[in-house]
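Chemist: Below is one structure. I have some questions about it.
The values are calculated or read from the model by the stated rules, or taken from the named source; none is laboratory data. Quick caveat: nothing in here was measured; it's all calculated off a predicted structure. Glycine gets a Cβ as well: all are built from the backbone with ideal geometry, and neighbour counts include every protein chain shown.
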Amino acid sequence: MHVISRDSPCYSLTSVAKGRLPVFRTVAIKDIACKALDEARKSGKFALYAYVIMPDHLHVITDSERSSADTLRFINGITSHRVIAYLKERGYESSLQKLRQETKPRHYRHSLWDHHPNVRLLLTEKMLLERVHYLHQNPVRAGLVARAEDYRYSSVRCWNGKPLEDEPLLMDLDRIKWRSGGRASNHS
């Protein structure tokens with residue numbers, strides 16, 4: 001069980017697509033990103049507490065079992081690999097061109113991410129809850145939906161205790177030991 005404290009914080013991690021390219025526009029790519037986040041969680045053996053996938057970035061909140069840099073390597077590496085493979089398979093040359101980087105003269109690779117991630121330490125339950133609320137309201141602020149619950153690619157329904165039968169990505173909320181003795185749905 002994870003008791004959130006200064007000694008055992010949560011990480012709020014934000015990764016932004018290179019050039020703010022809206023790569024996460026389509027349902028297919030958002031589904032791939034959810035599967036990649038799940039794969040990263042299992043491979044890296046860390047907990048996912050909250051997430052939202054926006055058109056050009058994603059936010060996740062994790063435990064601190066690994067360093068934030070290690071956690072980001074799992075998340076960004078696996079997500080990038082899966083999304084770029086999908087773009088190549090489907091022939092999305094325009095998007096791939098925008099993600100291309102020259103590594104040596106006439107040698108290229110693709111990079112999905114801007115390499116300046118945003119990492120915040122969440123040291124208290126209050127900080128965690130405020131950040132979760134911020135993540136869940138992101139699609140509303142962006143005008144994508146009227147209510148946070150209506151945005152499919154977010155953990156809001158897990159936090160409200162009402163996940164969909166086909167929820168794209170389930171959270172590890174049962175790993176949090178709340179000092180108040182409650183559970184996530186009591187705190188959202």
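Chemist: Given (1) in contact with a strand residue (DSSP E or B) (Cβ under 7 Å, 6 or more places away or on another chain); (2) under 24 Å from A148 (Cα atoms); (3) in a loop (DSSP other than H, G, I, E, B); (4) of a type outside the set (S, T, N, Q), where does I61 come up short, assuming only one miss?
Modeler: Evaluating I61 over (1) in contact with a strand residue (DSSP E or B) (Cβ under 7 Å, 6 or more places away or on another chain); (2) under 24 Å from A148 (Cα atoms); (3) in a loop (DSSP other than H, G, I, E, B); (4) of a type outside the set (S, T, N, Q) leaves (3) as the failure.
Chemist: Quick one: which residue in R20, R66 is touching an Asp or Glu at 6+ places or on another chain (Cβ under 6 Å), modelled with pLDDT under 95 and over 23 Å from E167 (Cβ atoms)?
Modeler: Result: R20 is the single residue among R20, R66 that is touching an Asp or Glu at 6+ places or on another chain (Cβ under 6 Å), modelled with pLDDT under 95 and over 23 Å from E167 (Cβ atoms).
Chemist: Suppose we filter region 38-54 for residues that are assigned to a helix (DSSP H, G or I), touching a residue at least 12 places away in the same chain (Cβ under 8 Å) and either within 17 Å of V156 (Cα to Cα) or of a type in the set (K, R) (or both); how many remain?
Modeler: Count: 2.
Chemist: Is region 25-37 home to any residue that is in contact (Cβ under 8 Å) with a residue 60 or more places away in the chain, touching a helix residue (DSSP H, G or I) at 6+ places or on another chain (Cβ under 9 Å) and acidic (D, E)?
Modeler: Checked region 25-37: no residue is in contact (Cβ under 8 Å) with a residue 60 or more places away in the chain, touching a helix residue (DSSP H, G or I) at 6+ places or on another chain (Cβ under 9 Å) and acidic (D, E).
Chemist: Oh, and also: Restricting attention to region 1-12, which residues are more than 13 Å from A47 (Cβ to Cβ) and either without any contact (Cβ under 8 Å) to a residue 24 or more places away in the chain or surrounded by 20 or more Cβ atoms within 10 Å (Cβ to Cβ) (or both)?
Modeler: D7, S12, listed by residue number.
Chemist: A further question follows. Of the numbered conditions (1) touching a residue at least 40 places away in the same chain (Cβ under 8 Å); (2) of a type in the set (A, V, I, L, M, F, W, C); (3) out of contact with any Phe, Trp or Tyr (no Cβ under 7 Å at 6 or more places or on another chain), I84 satisfies every one except a single condition; which is it?
Modeler: Answer for I84: the failing condition is (1).
Chemist: With surrounded by 12 or more Cβ atoms within 10 Å (Cβ to Cβ), at pLDDT 95 or above, of a type in the set (A, V, I, L, M, F, W, C) and farther than 18 Å from S5 by Cβ as the only criterion, which of L122, L99, L170 stands out?
Modeler: Criteria check complete, one pass: L170.
Chemist: Name the residues in region 20-40 that are loosely packed, with under 15 Cβ neighbours inside 10 Å and closer than 16 Å to L144 by Cβ, would you?
Modeler: R20, P22, R25, T26, V27
Chemist: Being assigned to a helix (DSSP H, G or I) and among the basic types (K, R) is the filter; apply it to region 152-177 and report the residue that is nearest to the chain's Cα centre (by Cα).
Modeler: Step by step, filter region 152-177, then rank; the result is R157.
Chemist: Can you work out which of the residues in region 41-62 that are over 16 Å from Y86 (Cβ atoms) and of a type in the set (A, V, I, L, M, F, W, C) is surrounded by the most Cβ atoms within 10 Å (Cβ to Cβ)?
Modeler: Filtering region 41-62 for residues that are over 16 Å from Y86 (Cβ atoms) and of a type in the set (A, V, I, L, M, F, W, C), the one surrounded by the most Cβ atoms within 10 Å (Cβ to Cβ) comes out as A50.
Chemist: Out of all the residues in region 63-82, which are buried (at least 22 other Cβ atoms within 10 Å of the Cβ) and hydrophobic (A, V, I, L, M, F, W, C)?
Modeler: The answer is L72, I75.
Chemist: Continuing with the same structure: Is region 87-107 home to any residue that is closer than 30 Å to R175 by Cα and either part of a loop (DSSP other than H, G, I, E, B) or of a type in the set (S, T, Y) (or both)?
Modeler: Scanning region 87-107, I find no residue that is closer than 30 Å to R175 by Cα and either part of a loop (DSSP other than H, G, I, E, B) or of a type in the set (S, T, Y) (or both), so the answer is no.
Chemist: Here is a further query. Of the numbered conditions (1) modelled with pLDDT under 95; (2) touching a strand residue (DSSP E or B) at 6+ places or on another chain (Cβ under 8 Å); (3) of a type outside the set (D, E, K, R), G77 fails exactly one; give the number of that condition.
Modeler: Only one criterion is unmet by G77, namely (2).
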